[in-house]
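What follows is a set of notes on a single structure, which appears directly below.
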Amino acid sequence: MHELKREHFSRVEPLFHDLIALHGSVSATLSGAAEGHILVDDLSAPSVALLDGPEGFYLGGGPIAGRDYFALRQIIPPWAYLYPSKEWLAAREWAMPHPHMQRHDRVYLATRPSDKPMPALSAPFELVLEQDGPLSSAVLCDGETVAHCRPDMIVDDRMEIGVWTRPDMRRRGLASAVVRASRGLAAAAGIRSVGWHCHASNAGSIAVARRAGFEPAATYVAWSASLPAENAGDLQPDRCRSLAQAFEAGRQDFDWLDFHAAVAWSEAGETERALVALERLVEGPWMGRSDWLEGHWALQRLRHEPRFQRALEIQAGK
């Protein structure tokens, strides 16, 4: 694989045709609006391109029968969140850096900006605009941010957003409020399309998006050695058990897979197995930060376990 010079990025646009339509990160990198790198199989006539952009890795082009893609598999980091073009979906084993990557079904929702009046909030909530940058909005409660909507990417007249609400402030309409506010700012800025990405398992996010005027525009697939979920309860326990077993099967190759095994066991309601996986993780050479464990949404149910607190202490002391 060879690194493509930035001035030649336009050569590989056809290889990313379906990914450009869905991912602002790809468009931004190709246009030079965002930092990124592209590796290709052949500098003069590329048929495969790997884009390392601000939102992940994107695999363009497609496989050709009879070719060996060992170099491609070697260059993709084992921890990568990888978005493949449609041509690669039937040739997963040719591109995957290791066999422990899991399929992540995802959805893209879209809408147009809206010039409707800004939402009104009752005390103690306060809507603030562009506190966190252009076209962003947030809800404050007693001076603390409890919900926000921020652009993940702005490319030409297209914007993609990320939305967050503090867990104890959910189901109050705050996410819908910040999204509507940012849509209004986008309309004033000349944005013509607003996009929203999430896991297909994230029913809550999809419901908020629909209430804010978004509609599903496409479904697509990503690959990652991680749990295909963003919230507690998004996946059924049996699915989580299966994922936990798959991650544990790979821990001899990558010790950090015990992190994801612990997450999956916790979501399956298997506290003992989650703690065992965490203990293996922190007692090994893994050098991740302890707050990655402490702050992970799927491990919150373990916070009151003495063994969990001990695991945090061990990791913090490395």
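Derivation of every value follows stated rules applied to the coordinates shown; laboratory data play no part. Everything numeric here is computed off the predicted structure, so don't read it as measured data. As a convention, Cβ positions derive from the backbone with ideal geometry for all residues, glycine included, and neighbour counts pool all protein chains shown.
What the table shows:
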{"read-out": "Nitroxide proxy distance, nm - points 7 Å out along Cα→Cβ at Arg211 and Ile64", "value": "5.2"}
{"read-out": "Over the chain - Rg/Rh using Cα atoms and the Kirkwood inverse-distance radius", "value": "0.99"}
{"read-out": "Point-to-point label distance, Met287-Ser44, nm (Cα→Cβ direction, 7 Å offset)", "value": "4.2"}
{"read-out": "Residues of the stretch 70-97 with amide N under 15 Å of the 7 Å Cα→Cβ point at Gln252", "value": "none"}
{"read-out": "Partner aspartates and glutamates for Lys86 [C-alpha distance under 20 Å; skip if fewer than 8 residues away on the same chain]", "value": "Glu13, Asp18, Asp41, Asp52, Glu55, Asp68, Asp105"}
{"read-out": "Ala123/His98 FRET efficiency (R0 41 Å; Cβ-Cβ; nearest 0.05)", "value": "0.20"}
{"read-out": "Gain on full stretching of the segment that runs from Ala203 to Gln245 - 0.36 nm per residue minus C-alpha separation", "value": "12.6 nm"}
{"read-out": "Per DSSP, loop GluC sites (Glu not before Pro) in the stretch 67-140 with at most 15 further Cβ within 10 Å", "value": "Glu130"}
{"read-out": "Simple spin-label estimate for Arg192 and Asp157 in nanometres, 7 Å along Cα-Cβ", "value": "0.3"}
{"read-out": "Coil-residue trypsin sites (Lys or Arg not before Pro) of the stretch 1-30, DSSP, other Cβ within 10 Å capped at 13", "value": "Lys5"}
{"read-out": "Residue-averaged 222 nm ellipticity for the chain, from DSSP H runs of 4+ at -39500 (n - 2.57), nearest 500", "value": "-9000 deg cm²/dmol"}
{"read-out": "Stretch gain in nm, segment Lys116-Thr219, where the contour uses 0.36 nm per residue and the Cα spacing is subtracted", "value": "34.2 nm"}
{"read-out": "Relative contact order (percent, whole number), the stretch 168-318, Cα cutoff 8 Å, 6+ residue spacing", "value": "16"}
{"read-out": "Ranking of Thr111, Thr29 by count of other Cβ atoms within 10 Å, fewest first", "value": "Thr111, Thr29"}
{"read-out": "Stretch gain in nm, segment Gln131-Thr145, where the contour uses 0.36 nm per residue and the Cα spacing is subtracted", "value": "4.0 nm"}
{"read-out": "The stretch 133-205 - convex hull of alpha carbons, volume per residue in Å³", "value": "91"}
{"read-out": "Mean separation of Cα contacts under 8 Å (6+ apart) over length of the chain, as relative contact order %", "value": "14"}
{"read-out": "At most 13 other Cβ within 10 Å, DSSP loop - trypsin sites (Lys or Arg not before Pro), the stretch 99-196", "value": "Arg171, Arg192"}
{"read-out": "Efficiency of FRET between Ala33 and Tyr81 - r from beta-carbon atoms, R0 25 angstrom, step 0.05", "value": "0.75"}
